[in-house]
Amino acid sequence: MKNLGQMMKQAQQMQARMTEMQDEMEAHEVEGASGGGMVKVRVSGKFDLRKVTIDPTIVDPEDPEMLEDLVAAAFNDAKGKIDAYKQEKMAELTGGLPLPPGFKLPF
């Protein structure tokens with residue numbers, strides 16, 4: 001029974017660290033950019049779009065698709081940075097042990 005109690009304690013500690021990490025992810029923001037920095041987005045760790053900045057010199061009323069593509073590319077850049085940040089935090093949380101393929105945590 002001693003081992004079961006210790007396992008429960010470790011599970012509670014892991015849950016507390018997970019909650020802390022989720023809060024950290026919510027507060028963490030990254031900037032994604034495209035077009036040589038002419039389009040920038042700020043995105044939270046929960047993928048909430050916080051801000052979009054567009055250099056006015058690239059706005060072409062004749063080619064709105066280019067601007068749409070640049071915004072999408074900037075968001076995807078930010079998403080990649082968030083994913084890398086999450087992996088880094090998960091490595092800290094799990095002590096560097098890799099999670100099984102397809103294992104998802106609640107964030």
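Quick notes
- Length added when fully stretched, MET8-THR53, from 0.36 nm per residue minus Cα-Cα: 11.4 nm
- Partners of LYS51 within straight-line reach, counting aspartates and glutamates whose Cα lies under 13 Å from its Cα and excluding those fewer than 8 residues away in the same chain: GLU29, GLU31.
- Computed on the range 30-95, with alpha-carbon pairs under 8 angstrom and 6+ residues apart, the relative contact order is 36 percent.
- Calculated [222 nm] ellipticity per residue, helices only, for the chain: -19000 deg cm²/dmol; basis is -39500 (n - 2.57) per DSSP H run with n ≥ 4, divided by all residues, nearest 500.
- Whichever aspartates and glutamates have a C-alpha closer than 20 Å to that of LYS9, once near sequence neighbours (fewer than 8 apart) are set aside: GLU20, GLU92
- Potential extension, GLU20-ARG42 segment - 0.36 nm per residue separation minus Cα distance: 5.7 nm
- The chain: radius of gyration over Cα atoms, expressed as a fraction of 2.2 N^0.38 Å: 1.49
Read-outs throughout are calculated quantities, based only on the coordinates presented, and are distinct from any laboratory measurement. Every value quoted in this text rests on a predicted model; they were computed, and no experiment measured them.
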